[in-house]
1. Once the piece of chain linking Phe73 and Glu277 is laid out straight, how much longer is it, given 0.36 nm per residue of separation minus the C-alpha distance between them?
2. Out of the total accessible area of region 1-88 (probe 1.4 Å, heavy atoms of protein only), what percent is carbon and sulfur?
3. Between Thr204 and Phe137, how high is the FRET efficiency from 1/(1 + (r/R0)^6) when r is the Cβ-Cβ distance and R₀ = 35 Å? Nearest 0.05.
4. With r as the distance between the Cβ atoms of Ala122 and Ala234 and R0 = 30 Å, compute the FRET efficiency 1/(1 + (r/R0)^6) and round to 0.05.
5. Per the 1.4 Å probe, what fraction of the accessible area of region 199-283, in percent, lies on carbon and sulfur atoms?
6. Just to verify a number: FRET efficiency for Ala91 and Val327, C-beta to C-beta distance, R0 = 35 Å, to 0.05?
Amino acid sequence: MNATCGNATEMIIAILAVGQRKMRIVKLSLLGSILSNLLFVLGTSLFFGGLSNLRKHQSFDRRQGDMNCILLFLALLCHTLPMILRFATEAAGGSATNATNVLVVHPTRNEDGSDVLVLSRASSFLMLFAYLAFLIFHLSSSSLTPPPPPPPPQREEEEEEDVYDDNVSDKEEEEAVIGMWSAILWLITMTLLVALLSDYLVSTIQDAADSWGLSVAFIGIILLPIVGNAAEHAGAVIFAFRNKLDITLGIALGSATQIALFVVPVTVLVAWAMGIEMDLNFNLLETACLALSILVTSFTLQDGTSNYMKGLVLLLCYIVIAVCFFVSNSPSGKLCRFFP
C-alpha cells in the first residue's frame, strides 16, 4: 500500500504524457523512478541509518531482497529484449557482401518496428501476471514462513544501549494519528491535486529544459523522480533511523518493483488502448544504467546486513548516473557554464 500510494504520481504523469504523445518523457520518468528508488532512496536510507546505528547490528530478512531482485531481473529482461530485437532487425535490414564480394541488401519483414511493439505488449502482459503472482505469493506466505534468525548476541557494555533500541519499543502499540476514512479522504484529495499539478508539469517540461539549459533526459530521470519520491524517501529514511530495515526495503525495493512490473506495463497497455504506439525499448544508455543499478543493488543486499558504507556506494552510483545524463545531449557551450 505504501508503494502504491507513493507511485500514484508516476502513474498520473505517465498517463498524461501518453495522452500528449510524449513517449520520451514517459520512458524517462518511469526509468528515473526505478533508479531513484534503487540507488537514491535506498542508498540514503542505508547511509543515514548506518550512521545513526553504528553500535547496533543492522540486519534484515534477505528473502525480501532476493524476491524483489529476481522480479527486477525479469523486468530487465523484458526491457532488454525489445532493444536487442530492434538492433537485430536493423542489422538484418542493412547491406552486406557475400562470398563473391557482391553487395546484397537484406530486407526486413517489419521495418516500422511492429515486431518490437508486439514483443513489448506481450511482455507487458507477462510482467503484470508476474506482479499479480508476487502479490498472491507474498500475502499467502507471509504468515507461513518462519521468522528470520535473531541477531548475534551483543557484548555486556552494549546492553544498556539496547534499552533505547526501537526493536524493544515495537511491542508497544502505536496510536493512530488519524482514522482510516480520514486517511482515505486525504489520499483522494492529494491524488487529485497531484493530477492537476502533473498536467501542468508535463506540458511545461520541454520549456523548462530549454530555459534551464538542461537536457530532457536529466530532468526526466533525475529531477522528476527526486520530487515525486519525496514522501517515500522520507519514510524510508525515518524507518532506517529506527533500525527497521525490513520496512525500509519494503518501501524502496517494493516501489521499484511495482514501477517496473506494474506501472510500466500498464502504461504500455493504456497507450495501446488509446491507439498510441509505445514499446519497452528504452535505448541503450538507459537500459544499461538500469541493468547496472539492479546488479549493484542485488550484490549490496545479498548478505542480509547493512552499514553506512553500502549506502554510500549506492549514492555514489546514483551520482555517476546523474552526471552521465547531465552531460548527455548537452552542447559544450552549455556545459562551460558549470565546468571551466
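The values are calculated or read from the model by the stated rules, or taken from the named source; none is laboratory data. All values derive from a computational prediction rather than experimental measurement. Glycine gets a Cβ as well: all are built from the backbone with ideal geometry, and neighbour counts include every protein chain shown. Areas reflect the complete protein model, heavy atoms only, side chains present, ligands, DNA and RNA absent. Shrake-Rupley method; radii C 1.70, N 1.55, O 1.52, S 1.80 Å.
1. Working: separation 204, 0.36 × 204 = 73.44 nm, distance 2.46 nm.
Residue separation times 0.36 nm, minus the Cα-Cα distance, leaves 71.0 nm.
2. Details: 2330 of 3370 Å².
That fraction is 69 percent.
3. On the way: r = 42 Å, r/R0 = 1.19.
Computed FRET efficiency for Thr204 and Phe137 comes out at 0.25.
4. Working: r = 38 Å, r/R0 = 1.26.
It comes to 0.20.
5. On the way: 1980 of 3040 Å².
That fraction is 65 percent.
6. On the way: r = 28 Å, r/R0 = 0.81.
Computed FRET efficiency for Ala91 and Val327: 0.80.
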